[in-house]
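First up is the structure itself, then whatever we jot down about it.
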Amino acid sequence: MSTFSSLLLMAAVASGSLSAGDQMRKISVDGRERSFLVHVPPQYDAGKPTPVVLVFHGAGMNAATTVSFTGMSAKSDEAGFIAVYANGTGLGRFLTFNGGGRKGETSAAGVDDVNYVRALLDDLGAIATIDTRRVYATGISNGGMMCYRLAAELSDRIAAIAPVAGTLAIEVAELKRPVSVMHFHGNADMIVPMRGPDEGTPRFLTFKSVEETIAIWRKLDGCPERPVITDFPDKEDDGTRVRQTSYGPGEQATEVVLIEIEGGGHTWPGQKSPAAFIGKSTLDISANDLMWEFFQKHPMK
């Protein structure tokens, strides 16, 4: 971005409006300086309430790297929602969120990232006209775990979630309000295995299996036990196949949907895998397309 463009954007923000493109915001939360990256689509109209999709990076990543990893800004431009890339805490660019599942003292263990998201949304609401009934969350790995924590503890602000390769890492006995979930996971994921922690998982981490996560959330949302199972067409020769298992409707017409990628790794469906060690990424589906369609069905009631 040029210096002139940056000045124009700063002036727009100062006057309480946003221009299309990207900007980094800084806020103070619990005595810490925190930041997040906002992507505003070209069709944004301050006179109309606009949906928001929060995007949470994986452990060791950050907001900037998550833009290309997910491709969410392109979907924002197409669909017209504001994409917000959150930043966790840590050293340099290697950040994490306190989504639960950390034993002992770790860098994120004492950080209240739920309060951070609350403050983020307050700040965003002061400069943008957001639709408070249509604020959604997605994220990869540790960021996916953070989505579940938000659904459990900030359901008055988060309408629905779509975690990718990240399971439930906290204990949840009940919800303040039912929250719909669309969960993406590869059955060849070696970083967050579908069956839960294994010998390759760091000892300070714990998280639930995909099966347990879906079962817990299905019960919390009051969804029926019998699912509807659909196989997606195998359109690409990429060594993957995709199956959708859907439970619903539950309370307040909620749904719990698992999209399992056979042969899929620790990747974002629809985006090419950036590194061989994280496994294959399916191109048979687009996580961004599917989750946005899902989000549109589940505004806050």
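Here residue 215 clears all of (1) out of contact with any helix residue (DSSP H, G or I) (no Cβ under 9 Å at 6 or more places or on another chain); (2) assigned to a loop (DSSP other than H, G, I, E, B); (3) under 17 Å from residue 169 (Cα atoms); (4) not charged (D, E, K, R) except the condition numbered (2).
When you scan segment 59-73, do you find a residue that is exposed (fewer than 14 other Cβ atoms within 10 Å of the Cβ) and part of a helix (DSSP H, G or I), even just one? Yes: one or more hits. Of the residues 125, 58, 80, the single one that is modelled with pLDDT of 95 or more and touching a Gly at 6+ places or on another chain (Cβ under 8 Å) is 58. Taking first residues from segment 203-217 that are within 9 Å of residue 167 (Cα to Cα) and in contact (Cβ under 8 Å) with a residue 60 or more places away in the chain and partners that are of a type in the set (Phe, Trp, Tyr) and buried (at least 17 other Cβ atoms within 10 Å of the Cβ), the Cβ contacts under 8 Å between residues at least 6 apart in sequence or on separate chains come to 213/148.
Conditions tested, residue by residue: (1) farther than 27 Å from residue 212 by Cβ; (2) buried (at least 19 other Cβ atoms within 10 Å of the Cβ); (3) polar (S, T, N, Q); (4) under 11 Å from the mean Cα position of the chain (by Cα).
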| residue | (1), (2), (3), (4) |
| --- | --- |
| 121 | yes, yes, no, no |
| 133 | yes, no, no, no |
| 136 | no, yes, no, yes |
| 141 | no, yes, yes, yes |
| 148 | no, yes, no, yes |
| 152 | no, yes, no, no |
| 155 | no, no, yes, no |
| 161 | no, yes, no, yes |
| 169 | no, yes, no, no |
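Among residues of segment 182-201 that are modelled with pLDDT under 95, those with a beta-carbon under 8 Å from a residue that is part of a strand (DSSP E or B) at least six positions away or on a different chain give the pairs 197/205.
Only residues that are outside any strand (DSSP E or B) and of a type in the set (A, V, I, L, M) were counted in segment 218-235, giving 1.
The values are calculated or read from the model by the stated rules, or taken from the named source; none is laboratory data. This one's a predicted model, so the numbers in the text were calculated from it and none came from an experiment. FYI the Cβ positions are ideal-geometry reconstructions off the backbone, even for glycines, and counts take in every protein chain you see.
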